[in-house]
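Shown next, in structure tokens, is the structure this report addresses.
Read-outs: derived from the displayed coordinates by stated rules, not from any lab. None of these values were measured; they are calculated from a predicted model. Here the Cβ positions follow ideal geometry from the backbone for every residue, glycine too, while neighbour counts run over all protein chains shown.
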Amino acid sequence: MKSKTMFLALFLTAAGFLSAQQPGVIMSPYARQDSGPTADPNSDFWKGVSGVFIEESILGGKMPNLRAEVRSRWTIDNLYLLFIGSYEKLRMKPDPDTKTETYRLWEWDCFEAYVGADFEHINRYRELQLSPQGEFLDLDIDSTVAHPGHQDERLWNSGMKVKARIDEAKKIWTGEICIPIAAVDKRPAKEGNEMRVNFFRQDGAPPKRDFLAWQVTGVWNPHKPEKFGTLKLAGEPR
């Protein structure tokens, strides 16, 4: 019976009926050509790519009303991240600037990706943020310093590109980040490479602000690299 169950699971996964993701791991399928960020989950670039879910408070506990999916793809030059999240009411900056980075973007509704490839110094990683209006922020983080992100980390420039969409009828907002792999990993991109990642979502206004995480840190602080999961560069999707 056990062998039959395993065979069925493998069959369904190969057929696309089950996610190939593993706990704490997000698989990033290879794409032969780059694509400008569209924030469109139904585009050919994103179709058939399974993701992982931001669905728990950073302190622990399910939050199904703010559940969000994260997908990833990669090319020789770039890493792509797509965020898809339902919302109840958006809290957005009244004077958005989509041309230059927005410092303290984390004080508004946003998705965040923490990406690092230094496995010897796990405290060193990049923080990437994106708002529903297409505002962005990139930070070069050392989590051992006091108040990471509040110093001069914003002076680093990743060269990332972003796109965001708001579907008011369905109450869903999507955001896509395209970042040069060289900005987060010194190694040439190839199948099998792994990076250390975590994903977060900030939503709402104080004092009822919600902070969600893919990999829960257990404290109201995302800068816990020992809690990060893994992003693995995979082959082309079937």
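Among the lysines, which have Cα under 26 Å from the Cα of LYS99 when same-chain residues fewer than 8 positions away are ignored?
LYS89, LYS161, LYS163, LYS171
Under unit Cβ charges (Lys, Arg +1; Asp, Glu -1), what dipole magnitude, rounded to 20 debye, does the chain have relative to its Cα centre?
Charge dipole, the chain, about its Cα centre: 800 debye, nearest 20.
How much FRET efficiency would the formula 1/(1 + (r/R0)^6) give for TYR30 and ALA205, where r is the Cβ-Cβ distance and R0 is 45 Å, rounded to 0.05?
Efficiency for this residue pair is about 0.65.
Along the positive direction of the dipole of the stretch 27-233 (beta-carbon charges: Lys, Arg +1; Asp, Glu -1; about the Cα centre), which of THR144, PHE119, TYR103 reaches farthest?
Comparing the listed Cα positions along the dipole, PHE119 ranks first.
With runs of 4+ DSSP H residues as the only contributors, calculate the mean residue ellipticity of the chain at 222 nm using -39,500 (n - 2.57) per run, divided by the residue total and rounded to the nearest 500.
Computed ellipticity for the chain at 222 nm equals -2000 deg cm²/dmol.
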